[in-house]
Amino acid sequence: MEDHEAQELEFWQKLREEGMSRTQMLKRSVAAAAGLTVLTTPGLAMARGMAAAPPLKGKGFSMKEMIAEAKKEGHLNTIALPPDWANYGEIMSTFSKKYGIPITNNNPDGSSAEENQAVQSLQGDSRAPDVVDDGPAFAISGTAQGLFAKYFVSEFSTIPRAMKDTRGYWTGDYWGAVSIGYNANLISTPPKTWQDLLKSEYKGKVALNGSPLTSGSAVAGVFAAALGNGGSLGNVQAGIDLFAKMKSSGNFIPVQSTPQTVASGQTPISIDWDYLNLGYAKEFPAANWKVTIPADGVYGAYYAQAINAHAPHPWAARLWEEFLYSDQGQLLWLKGYSHPARFQDLAKRNVIPKALLTALPDASLYAKVKFATSGQQTAAKALIAQQWPSKVGS
Amino acid sequence: MGTLPFFAYAFAFLFLPAGQVLVGAFKGEHGGFTFSNITGLFHQPYIGAFQNSIELSGVTALAGGVFGVLIAYAAIRDGTPRWIRSMLTTFSGVAANFGGIPLAFAFIATLGSIGIVTKFLLNQLHYNIYLHGFSLFTKTGVEIVYLYFQLPLMILVISPAIDGLKREWREAAANLGARPIQFWRYVGVPVLMPSILGAIILLFGNAFAAYATAYSLGYSNLITVTLGAYYQGNVLSNPHFAQAMALGMFAVLALMMAIYIPLLRRAQRWAK
């Protein structure tokens, strides 16, 4: 695996150095095909020398041509993008307006598993999703199943190394940290840490954004609680224990917090992504919603973009990626209170409007943020499957 | 020939999926034959989820069954105004089909920690039920919610049987000098018993297969909810293990039938 990865990377790097034109690249990929041990689907398509094969890299490619080809396709299929999640509503409408390409967003509340499932089962169907926004575990498993096409966005080099697949199959897009949101009308002393949530004044008030048996976001809540209760990313026992303690004291109510429960006050304290909680604060002024990044445990996770290897609209899919990773797309995510992948780059170049920065919790709160590896994720899920039903879910 | 559509339907929607479950339950995560899915069912937390599901279904089927018969009889017996019966039937028809997320939500809005009934008790009577051991999000809570559809279902399915108790039998028994208790002991209950048993089995299956209500209440220690988590695949993913759980559910229902059929035969002995 490592071997051909390095080989391929070297190959693309060489291409960049030589500053080849697209036609040259196509010719070269035919030659390279023989040398590479593993041939990928888009590689094949290129090797066949199809006239309308989209490029592998955005950098150096004419945006004009990409836009023209995408417009010819005239449509983009997305999947599982909730409009009130990380500002996706505005991101989609801005894209459509800018390029005149309408978007069909299927199953807006779907999960990563369902996204990959759709790529697989709708192969060859014009309704198949062109692009997915997967949790990293699903981006990795989808890559292994050969679901995705390689594509390096123009800004690939400014995305942190830890947030991308160097082979180009998927690219991290935005990240958030687990936060504690609370209704300041109902909660007089704001909870500041995970340990605070055990206080008796919060009886019947603490909710999580789902069941960790079915929701990756809820698993993140358990990870964060583990960090705040003396545990680690490698062992989330402490996190399950914290929830078990809250459940037996009656603090934890197992109702899944949603925009509706937040607005109605049914979940006065909600453990959720910072970008969702911050979004609720703006969306429901009457709920007087405030957000804390708990000081004793900051857990973050990112999502990843990938392009369907058999996308019905391959050019529009690549244009969508270029749009998302452009400064404009990245700032739209930031407007939705999530940290876009190129946050550091944007900050360095001073292109972030002050208003957007001040709307986020202080940067120092995020300094201790920890991300779990896919191995740690697997271990955590196995432990949760064993213990959650009897300790918390009953 | 006329039954062809029925058999086609049964094949497509019963035998085909059941066969798929049967085959899938013995497949490994990466294909190939294995018993590990089945043996896995006998470990925690899965065996516990089965036990809990059976207990929950048993309790709500028995409680719903007993109270359902009593309520239905009270509404149908001579002397009860007719409008009470039609009202009860209409209500039962609606409530028996009320389930899933809407039902869970209705209960959260009334008996949840800030539900209107909870709030009313707290504000008017200064009694916080959540400080005195009640919680909607426990097994007792889920049982109460389940009874909301179990009880009406019992009323609906048992009413025709109660209608079948002819007034003449009662009069004949009275003429022969039987006291009411004797009438029930020797006539009423034996006549109703097969129907009651059948209805309770139906109630058991109804609760055993319920999913969304418990799921929305955050109650995950049930076999259906566990199965769903493995099938949905977002966090835990092992569809073949989920199929093994489904096979386990078949086995439980088959066991119920194995208990039910001899009981039914016993109950029907008088009819021969």
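Annotation: of all residues in region B:226-244 being touching a residue at least 24 places away in the same chain (Cβ under 8 Å) and closer than 18 Å to residue A:387 by Cβ, the one that is nearest to the other protein chains (Cβ to nearest Cβ) is B:226.
Conditions tested, residue by residue: (1) closer than 30 Å to residue B:49 by Cβ; (2) touching a Pro at 6+ places or on another chain (Cβ under 6 Å); (3) of a type outside the set (Lys, Arg); (4) away from chain A (no Cβ under 12 Å).
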| site | (1), (2), (3), (4) |
| --- | --- |
| B:88 | no, no, yes, yes |
| B:103 | yes, no, yes, yes |
| B:106 | yes, no, yes, yes |
| B:115 | yes, no, yes, no |
| B:126 | no, no, yes, yes |
| B:135 | yes, no, yes, no |
| B:154 | yes, no, yes, yes |
| B:165 | no, no, yes, yes |
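In this structure, is residue B:156 over 22 Å from residue B:75 (Cα atoms) and modelled with pLDDT of 90 or more? In short, no. Being closer than 15 Å to residue B:143 by Cα, hydroxyl-bearing (Ser, Thr, Tyr) and modelled with pLDDT under 90 is a property that holds for residue B:220. If you go through region B:7-40 and keep only what is touching a residue at least 40 places away in the same chain (Cβ under 8 Å) and either acidic (Asp, Glu) or within 14 Å of another protein chain (Cβ to nearest Cβ) (or both), you end up with B:29, B:40. Considering (1) surrounded by fewer than 23 Cβ atoms within 10 Å (Cβ to Cβ); (2) facing chain A (nearest Cβ under 10 Å), the lone condition that residue B:253 does not fulfil carries the number (2).
In region B:75-174, counting only helices (runs of 4 or more DSSP H) that sit wholly within it, the ones holding 3 or more residues that are over 24 Å from residue B:203 (Cβ atoms) and not basic (Lys, Arg) span B:116-125.
For (1) over 26 Å from the mean Cα position of the chain (by Cα); (2) part of a helix (DSSP H, G or I); (3) of a type in the set (S, T, N, Q); (4) facing chain B (nearest Cβ under 9 Å), each residue gets a yes or a no:
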position	(1), (2), (3), (4)
A:241	yes, yes, no, no
A:246	yes, yes, no, no
A:250	yes, no, no, yes
A:254	no, no, no, yes
A:260	no, yes, yes, no
A:270	no, no, yes, no
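Yes or no, residue by residue, for (1) surrounded by fewer than 16 Cβ atoms within 10 Å (Cβ to Cβ); (2) more than 23 Å from residue A:293 (Cα to Cα); (3) aliphatic (A, V, I, L, M):
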| residue | (1), (2), (3) |
| --- | --- |
| A:331 | no, no, yes |
| A:335 | no, no, no |
| A:351 | yes, yes, yes |
| A:369 | no, no, yes |
| A:386 | yes, yes, no |
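Residues in region A:205-219 that are under 17 Å from residue B:237 (Cα atoms) and hydrophobic (A, V, I, L, M, F, W, C): A:213, A:218, A:219. Limited to region B:186-204, what total is found for residues that are under 11 Å from residue B:153 (Cβ atoms) and surrounded by fewer than 18 Cβ atoms within 10 Å (Cβ to Cβ)? Total meeting the criteria: 1. Of the residues B:267, B:271, B:254, the single one that is farther than 27 Å from residue B:101 by Cβ and at pLDDT 90 or above is B:254. Looking across region A:128-139, just one residue is crowded, with 22+ Cβ neighbours inside 10 Å, outside any helix (DSSP H, G or I) and among the small types (Gly, Ala, Ser), and that is A:135. Number of residues in region A:72-127 that are more than 14 Å from chain B (Cβ to nearest Cβ), surrounded by fewer than 15 Cβ atoms within 10 Å (Cβ to Cβ) and in a helix (DSSP H, G or I) equals 6. Any idea which residue in region A:193-217 is farthest from the other protein chains (Cβ to nearest Cβ), counting only those that are within 17 Å of residue A:267 (Cα to Cα) and surrounded by fewer than 17 Cβ atoms within 10 Å (Cβ to Cβ)? Within region A:193-217, the match that is farthest from the other protein chains (Cβ to nearest Cβ) is A:199. When you look at residue B:210, is it of a type in the set (A, V, I, L, M, F, W, C), in a loop (DSSP other than H, G, I, E, B) and either within 14 Å of chain A (Cβ to nearest Cβ) or surrounded by 22 or more Cβ atoms within 10 Å (Cβ to Cβ) (or both), yes or no? Answer is yes for this residue.
Give me the residue from region A:140-167 that is under 16 Å from the mean Cα position of the chain (by Cα) and of a type outside the set (A, V, I, L, M, F, W, C) and, out of that set, surrounded by the most Cβ atoms within 10 Å (Cβ to Cβ). Among those residues, the one meeting the criterion is A:142.
The values are calculated or read from the model by the stated rules, or taken from the named source; none is laboratory data. Just so you know, these numbers come straight off a predicted model, no measurement behind them. Note: ideal-geometry Cβ built from the backbone for every residue, glycine included; neighbour counts use all protein chains shown.
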